[in-house]
Amino acid sequence: MPSPAYYQELWQHLPPDLQPAHFQLRLRFLLERLSPGLRVLDLGCAEGLFAREILAAGAQVVAVDVAPEALRRARHRVPGLDARLLPYTGPWPLQDASFDLVWSGETIEHVPDTLPWLSQARRVLAPGGRLLLTTPNHGLSLRLRLALLPGAFERHFDPRAEHLRFYTRRSLTALLADAGFPAAHVFRPPWPPAARAVLFADAPRSRW
């Protein structure tokens, strides 16, 4: 299992000013569900690109990550950003029901123990709040390519890579239901073609 030092070292070797994969596509998904005044937790904030857009939309944001280097970059990119270090395991130092929306883009695939992580996300959401997340889509077409193309499986599932979990629409829906988001809507937009590589989840927190 990776350690906090692993993620810190990973960030220290990444070039600055990274453009997240499918950034505009994922940003549109987020902004369509955002409104001024909402309290937002940017979970796995990386360099702060999404946090900056959340603030520009008139919402409040707390940006969190497990890597100090990611937070340093986020603070540099977004002066005055409320950026906090999250513990790698255990409860998050955030109050119950303190956010209206939790946003987590391309993060859950890096999480080794997903149910406690999702449980914490649910805990900090206010009743009726929403968890929005994206993750790479491992649908049928990708699985077929990995099975049929020589060497594709080994390259994609390289044990030295940073992705620890791999999701289909069905497996992510089931996971969210187990974590207390039974009404989660997990989908892959039909257009543009690049969207087929991404799973989107809009998961309202039940009021009980």
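Rule-based calculations on the coordinates, nothing more; no lab input. Keep in mind that what you see is a predicted model, and the values were worked out from it rather than measured.
Spread over its residues, the convex hull of the C-alpha atoms of the stretch 1-96 is 113 Å³ per residue. Restricted to Cα atoms, the stretch 1-57 shows a radius of gyration and a Dmax of 13.7, 39 angstrom.
For Y88, no residue 5 or more places off, or on another chain, has a built amide H under 5 Å of its own.
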